[in-house]
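Take a look at the structure set out below.
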């Protein structure tokens, strides 16, 4: 009866407005709900809806939205008999009280679209509706060169039927940094303070950005034209010129020596290393040093330690989680071997992704045990962690709705989860042992909205992978393929971040359209080179360390004082907790024990080894915990906390680590060698901060020593001050 | 359809009437304007925040629902409080000081997940990947700075990591964690708080001067002034802490009489590993710190995630908690400190109305209780109410944002104000919170 009624009504409506174009729910109405903000997360798009009415977030589920508008409470939200009385229109225009306020008035096209759709019978769409497949924002680059005229942008949407339409009035806009450039809800961009940023338009499930550069109007800028060492400098300098920044000068030998040691090997240079380098007169001595350090054992240890941290490597004693000490050590040694042999990154990842076998004997199988630290494997965890770790992409938003600020859809998410539904383990020969393998016949993950089984599909893939192939092999091949830009970009960005303590995309594990790189061409080129080098990470690191950009001084000039993202100067970078501790140990010659590890272990090699469960935040070393080392509770890059705190200061000031290190015997040893007071002070400086004291510093320090030239106390105080200096605990 | 139609009109006109009525009442607005113009000093000078981690059950404590069906009602008998309301019988001492506090029985928040809800409780925001928000303690540090050379924000014994940190504010505003438990076994000593054996004051002074020589070189080169400044501030604070006798006294329980210790409850032992119930000493420590000048102290007390045998858990842990809270409020009041010290007793959410099959209760964010006392908060009231089964707020619902807004208000901070994140992006301290007038004395 009701159906008949609405059919009749639709017929009358259609007759009444026969000369008007038919309003499509999906093509016309959904974009209005999006643009008016009805389906955003703080309003009806919230998972519980708002005030009793819920819509899918940003419209990922049009069928559900259609149902809730027209059928959940018949005749209320949409009233085809008296269209103007539809609650949808009354609420949106603020004619009745609405928590979200007035969204638009009756004169707007938005209102007309909704009203006409209701007049025409509030029908769903028959058959296929052209879907947007891409959007463009023009102009793609906006430059404000001292002139403040606003710029109107335009958004075009391309549809699956080949048509394209101007959707400027239906898109949403925002700026990544309104204090540089703001964009209003009509897409008009206005400039503010000097700098660079992006403005974004969003329409349907797409987000797209345009770069905005704002230059000072009174600039008296002249490029200093420093020599480029390699392609990195060309791309950085290009960017600096566009932003009217000047790079700092090249760092001196002492600063460079310390910097490259800390970044490549995780410890400062020794006295002999210092003397050898400073006395070396060859012009290519920096190149030679970089080559030598890349081959050092310390480089292998540091690189291994960083990997082990990123995959949450920990050894436990609670057998059901399969992360036994022996498993952890097998995995650690395997990683170390790969790094030592300079195994290409693509093969290194491929082996882990496809690993099968015993957790105790086949190291790489523990990628799976370590990522979950749980009694059972969780396909959704794997999907989220794999994309975050190997691609720098966070897809977990798409578990419940299309990613609002990136291209990932729920289809992408569930298709990706299906790679992991077959990964299984079964008990091995002893309680600690588990066999990890992939069950070929596992059923795929089901889509959250309609329960559809989603066959394993790579991110952004149009069709599922070949079902004949082992899904993990298909995944590994795609992940590490030279064509997979995400993989090469993520690897390059993380390598870059090791040397600048800031990725070109930051945070390194949150690459998305709405978080673009600060220098896109540079990231593209690094990724291209990494592929060209067949994923030889040492080669890419060599390029980075040899670049003038890496070797710039931390002393700012008039233009770059505030720059902290374009690499126009070196920044003060807090040492990682483990690097700081290893530095203290090395410069003082302290024999420090690490819990459950043999003597001589370095902090960078240390990982938590517990007799208990590993499924919780663990540090197992008080120093490392206080100084913000990752607790390995998740793979998030944010687990590492580089910020200084008062507790850290107190610990450096009076804590047992500093105290034991100072008393470890260095000063008595120097005294025994019969060194003069200036000689002792000089050696302490070289050991701790890799430079000789200036004459003023030496005089001031000697003054502090006074007549206590033969006792240890004064020198230990100087040693303390060096360990507590900003120069020591930061790389500069 | 006709029924719907009529309903809608009725509701619409009703709401419109209400709106009109509200417009007519310009008195509150007038009062508000007056309030801000008179610039009276803030009511609260300090905050003691007792955080009961895990999701504390209101049914087994301050909202026992004695008339609810058996599966729903609190696991204990009830007693009358001094104000004539009901508490669970294991909170007898608190019942005796109910005239000093406001019990809010209509709290509600959003997420029944420990980590996210704890972050929400401490920062006022649900966690996002885009912006990390600062904890209230960090905001208070940033707004007011140190008082009497003490760190403005202290965590006893340490901070719960999921509750966030300084977010977009500088790390120098972060909580100073004791990393030691005043109520634990053995001697209580704040970590890294004394010169190592054999190092003299004279040496400390020389170390300080030597460090200044080194820092000057970087400063002369103009290297990263902000970072150098932050480090310098940390060192200044650390030197002060180590050398000021007042500061050092604040961080110890020396000199507290046995009578005072008994007031907070001493000698309670918990069943798990026979460990001492640390809460009394922790709260006494908090009072000492606040008295010495700390602006905001958080005290954590774990163990309220009672999915299993909730009656057993409360039988074990509630007596010490009851004793210590009653002791704190009495002590503060006797010393004349309660009016300027705001005590907040919180948890990240409440627990399910119905007892589960393991005789416990699970996570429930839609209705729970929290307590505010002192610092200009009404004495002796129960504010709001939960419904018959403690499933939803039934009267005067208070959101977390309202709750935090009100605490900020009492401290003299307008939480509608914006802070600058990353030096450029303005963000409200609390978004969408309202002052809960009914809580103000």
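The values are calculated or read from the model by the stated rules, or taken from the named source; none is laboratory data. Treat the numbers as computed from the prediction; the structure is a model and nothing was measured. Every residue, glycine as well, gets a Cβ built from its backbone with ideal geometry; the counts of neighbours run over all protein chains shown.
Considering the conditions (1) closer than 21 Å to residue B:66 by Cα; (2) in contact with a helix residue (DSSP H, G or I) (Cβ under 9 Å, 6 or more places away or on another chain); (3) in a loop (DSSP other than H, G, I, E, B), residue B:433 is excluded by exactly one of them, (1). Scanning the stretch B:158-174 for residues that are over 13 Å from residue B:133 (Cβ atoms) and touching a helix residue (DSSP H, G or I) at 6+ places or on another chain (Cβ under 7 Å), we see that the one that is farthest from the other protein chains (Cβ to nearest Cβ) is B:160. Scan the stretch A:197-228 for residues that are under 28 Å from the mean Cα position of the chain (by Cα) and assigned to a loop (DSSP other than H, G, I, E, B) and the total you get is 2. Would it be correct to say that residue A:17 is modelled with pLDDT of 90 or more, surrounded by 14 or more Cβ atoms within 10 Å (Cβ to Cβ) and in contact with a helix residue (DSSP H, G or I) (Cβ under 8 Å, 6 or more places away or on another chain)? It is false that residue A:17 is modelled with pLDDT of 90 or more, surrounded by 14 or more Cβ atoms within 10 Å (Cβ to Cβ) and in contact with a helix residue (DSSP H, G or I) (Cβ under 8 Å, 6 or more places away or on another chain). Given the criteria more than 7 Å from chain A (Cβ to nearest Cβ), in contact with a helix residue (DSSP H, G or I) (Cβ under 9 Å, 6 or more places away or on another chain) and not in a loop (DSSP other than H, G, I, E, B), does residue B:204 qualify? So residue B:204 fits the description; yes.
For the stretch A:383-426, which positions are in a loop (DSSP other than H, G, I, E, B) and away from chain B (no Cβ under 14 Å)?
Of the stretch A:383-426, the ones in a loop (DSSP other than H, G, I, E, B) are A:391-395, A:400-409, A:418-422.
Passing the criteria: A:391, A:401, A:402, A:407, A:409, A:418, A:419, A:420, A:421, A:422.
Checking the stated criteria, residue A:693 turns out not to satisfy the condition of being in contact with a strand residue (DSSP E or B) (Cβ under 8 Å, 6 or more places away or on another chain) and within 13 Å of chain B (Cβ to nearest Cβ).
Do we find that residue A:714 is more than 29 Å from residue B:170 (Cβ to Cβ), more than 8 Å from chain B (Cβ to nearest Cβ) and over 34 Å from the mean Cα position of the chain (by Cα) in this structure? Spelling it out, it is not the case that residue A:714 is more than 29 Å from residue B:170 (Cβ to Cβ), more than 8 Å from chain B (Cβ to nearest Cβ) and over 34 Å from the mean Cα position of the chain (by Cα). Determine whether the stretch B:175-188 contains at least one residue that is more than 9 Å from chain A (Cβ to nearest Cβ), over 19 Å from residue B:276 (Cα atoms) and at pLDDT below 90. No: zero hits. Screening residue B:199 with (1) facing another protein chain (nearest Cβ under 7 Å); (2) crowded, with 18+ Cβ neighbours inside 10 Å gives one miss only, at (1).
A quick yes/no check of all residues on (1) in a loop (DSSP other than H, G, I, E, B); (2) away from chain A (no Cβ under 12 Å); (3) within 24 Å of the chain's Cα centre (by Cα); (4) closer than 30 Å to residue A:704 by Cα:
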| site | (1), (2), (3), (4) |
| --- | --- |
| B:213 | no, no, no, yes |
| B:223 | yes, no, no, yes |
| B:239 | no, no, no, yes |
| B:242 | no, no, no, yes |
| B:246 | no, yes, no, yes |
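The condition of being assigned to a loop (DSSP other than H, G, I, E, B) and in contact with a strand residue (DSSP E or B) (Cβ under 9 Å, 6 or more places away or on another chain) holds for only one of A:566, A:534, A:561, A:555, that being A:566. Is it fair to say residue B:323 is over 23 Å from residue B:122 (Cα atoms) and modelled with pLDDT under 95? Against the criterion (over 23 Å from residue B:122 (Cα atoms) and modelled with pLDDT under 95), residue B:323 does not qualify.
Under the condition of being closer than 30 Å to residue A:505 by Cβ, without any contact (Cβ under 8 Å) to a residue 60 or more places away in the chain and more than 12 Å from chain B (Cβ to nearest Cβ), the residues counted in the stretch A:630-667 number 0.
Here the stretch A:86-122 is the region considered, the condition is being within 12 Å of chain B (Cβ to nearest Cβ) and in a helix (DSSP H, G or I), and the residue that is surrounded by the most Cβ atoms within 10 Å (Cβ to Cβ) is A:91.
Which one is nearest to the other protein chains (Cβ to nearest Cβ) among residues in the stretch A:67-85 that are buried (at least 20 other Cβ atoms within 10 Å of the Cβ) and under 26 Å from residue A:401 (Cβ atoms)? Selected residue: A:77.
Listed residues A:456, A:474, A:429, A:442; which is in the same structural domain as residue A:306 (by TED's automatic domain parsing), under 26 Å from residue A:331 (Cβ atoms) and assigned to a helix (DSSP H, G or I)? Please lay out each step first, then the result.
On the way: A:456 fails: assigned to a helix (DSSP H, G or I); A:429 fails: assigned to a helix (DSSP H, G or I); A:442 fails: assigned to a helix (DSSP H, G or I).
Result of the check over A:456, A:474, A:429, A:442: A:474.
Identify all residues within the stretch A:146-190 that are within 14 Å of another protein chain (Cβ to nearest Cβ) and under 23 Å from residue A:221 (Cβ atoms); write none if there are none. A:177, A:179, A:180, A:181 - these are the residues of the stretch A:146-190 that are within 14 Å of another protein chain (Cβ to nearest Cβ) and under 23 Å from residue A:221 (Cβ atoms). Evaluate the stretch A:640-653: report whether one residue or more is surrounded by fewer than 21 Cβ atoms within 10 Å (Cβ to Cβ) and assigned to a helix (DSSP H, G or I). Within the stretch A:640-653, none of the residues are surrounded by fewer than 21 Cβ atoms within 10 Å (Cβ to Cβ) and assigned to a helix (DSSP H, G or I).
Rundown of residues vs (1) surrounded by 23 or more Cβ atoms within 10 Å (Cβ to Cβ); (2) within 41 Å of the chain's Cα centre (by Cα); (3) away from chain B (no Cβ under 13 Å); (4) over 20 Å from residue B:217 (Cβ atoms), yes/no style:
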| residue | (1), (2), (3), (4) |
| --- | --- |
| A:669 | no, no, yes, yes |
| A:672 | no, no, yes, yes |
| A:678 | no, no, yes, no |
| A:719 | yes, yes, no, no |
| A:725 | no, yes, no, no |
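When you look at residue B:188, is it buried (at least 18 other Cβ atoms within 10 Å of the Cβ), more than 26 Å from residue A:706 (Cα to Cα), touching a residue at least 60 places away in the same chain (Cβ under 8 Å) and in contact with a helix residue (DSSP H, G or I) (Cβ under 6 Å, 6 or more places away or on another chain), yes or no? Write out each step before concluding.
On the way: buried (at least 18 other Cβ atoms within 10 Å of the Cβ): yes; more than 26 Å from residue A:706 (Cα to Cα): yes; touching a residue at least 60 places away in the same chain (Cβ under 8 Å): yes; in contact with a helix residue (DSSP H, G or I) (Cβ under 6 Å, 6 or more places away or on another chain): no.
No.
Entry remark, the stretch A:314-341: residues being buried (at least 16 other Cβ atoms within 10 Å of the Cβ) and either under 27 Å from the mean Cα position of the chain (by Cα) or outside the structural domain of residue A:371 (by TED's automatic domain parsing) (or both) number 11 in total. Contact map, the stretch A:674-688: residues that are free of Cβ contacts under 8 Å to residues at least 60 places away in the same chain paired with residues that are not in a helix (DSSP H, G or I), Cβ distance under 8 Å, separation 6+ or inter-chain. Pairs shown: A:677/A:709; A:681/A:693; A:682/A:692; A:682/A:693; A:685/A:691; A:685/A:692; A:685/A:693.
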